[in-house]
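To keep things clear, I will list the structure first and then write my remarks on it.
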Amino acid sequence: MKLRHVFSKSLLLATLFIVACGPDDTSVDEVELVDYAEQVITDDALLQEYLQTHTYNYEDFSGAERYSGAIVLDTLAGDDANKTPLIDLVQSIEVPVDAEGEIVQHRLYHLVAQQGNRVPNKPTIVDSVYLAYKGKLLDGTVFDENEFPIWFDLASVIPGFRYGLQHFAPGSYTVENNGTFAFENYGQGILFMPSGLGYYNQARGSIPAYSPLIFEVAVYTTNITDHDADGILSINEDPDGDGNPYNDDTDGNGITNMFDPDDDGDGVLTSLEYDVDEDGQPDDDDNDGIPNYLDPDNN
Ligand SMILES: [Ca+2]
Ligand SMILES: [Ca+2]
Ligand SMILES: [Ca+2]
Ligand SMILES: [Ca+2]
């Protein structure tokens, strides 16, 4: 049940149709659609207000030893009144959201409290992460929590997760005698996202429609992904080279290349025409600069 809260809209709806659910599972309410360009301004103002008036226990994370405890967010008041506000500690990126054909940029804030030790293994936006998290509203209400890590495919989660987690490196692990994994030195931090990178106009459980969301996260480990098992990593199924494999559908069949085992729709599987001569380069028989696996008339 908890898992459902971090699934994207499409996966959630699919889940509701596929899985026999109790009465509370029908509680997803969609309210009137507000223009994304308007809502993102409202949400960013709320997020900035939050970041200006709150801080966290950064002292705990600043020692020579790694801190094994949790992130604790708090208001800038009382004993914390003179602490550095979150707004001076976060970084942000702009994430494009396709709002019915119009691209609307959404600012996504992240704060790395403690970076993981395997920096080259940061997840891309299409990889999988083994993650513990706590999801909160700006008023502090906890709407979801997994204290112990679980796997998420970033292709199936809300964009705020997908684009936020790429900043966190995983830790290392050892296998104990009893077969369990012991993790250490993993990345920990916080994501602050506008509703357009979350559930937007959907109200569910204790999350009202149009809620900016906070996630405290711990990235234990990651896994690079080849969703369609065609031998090309999903992050590299990006022929237009914009860094986003979610918008590439070479044969226009409605299935993006990363999920399409025959990218050019010529009836030959990508895995069977990518690199037949095994020289490590994609084959291009007709030398037109378009590799065979993306070229339906390469003969
Ligand atoms: Ca692939
Ligand atoms: Ca692309
Ligand atoms: Ca396709
Ligand atoms: Ca093909």
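What follows draws every value from the coordinates through simple rules; no lab data is involved. Because the structure is predicted, anything quoted here is derived from the model rather than measured. Note that we place each Cβ from the backbone using ideal geometry, even for glycine, and neighbour counts take in every protein chain shown.
Some points to look at:
- Cα gyration tensor category, rounded, prolate or oblate, for region 116-243 with a/c compared to 1.5: oblate
- Pairwise Cα separations in the chain fall into 5 Å bins from 0 onward with the following percentages, short to long: 1, 5, 10, 14, 15, 15, 13, 11, 8, 5, 3, 1, 0, 0, 0.
- Structural descriptor for the chain: relative contact order 16 percent, calculated from alpha carbon pairs under 8 angstrom and at least 6 residues apart.
- As a proxy for reagent exposure, ranking Ser128, Ser211 by other Cβ atoms within 10 Å from fewest up yields Ser128, Ser211.
- Taking the centroid of alpha carbons for each part, region 254-280 and region 79-95 are 45 Å apart.
- Alpha-carbon centroid distance for the pair region 129-166 / region 167-181, whole angstrom: 19 Å
- Relative contact order [Cα under 8 Å, 6+ residues apart], region 23-179, whole percent: 18 percent
- The GluC sites (Glu not before Pro) of region 58-142 that meet both conditions, a loop assignment by DSSP and at most 14 other Cβ atoms within 10 Å of the site Cβ, are Glu65, Glu100.
- Each of Arg66, Arg118, Arg162 was scored by other Cβ atoms within 10 Å of its Cβ. Listed from fewest to most, they are Arg66, Arg118, Arg162.
- Degrees between helix 9-18 axis and first principal axis of the chain (Cα, 0 to 90, nearest 10): 80 degrees
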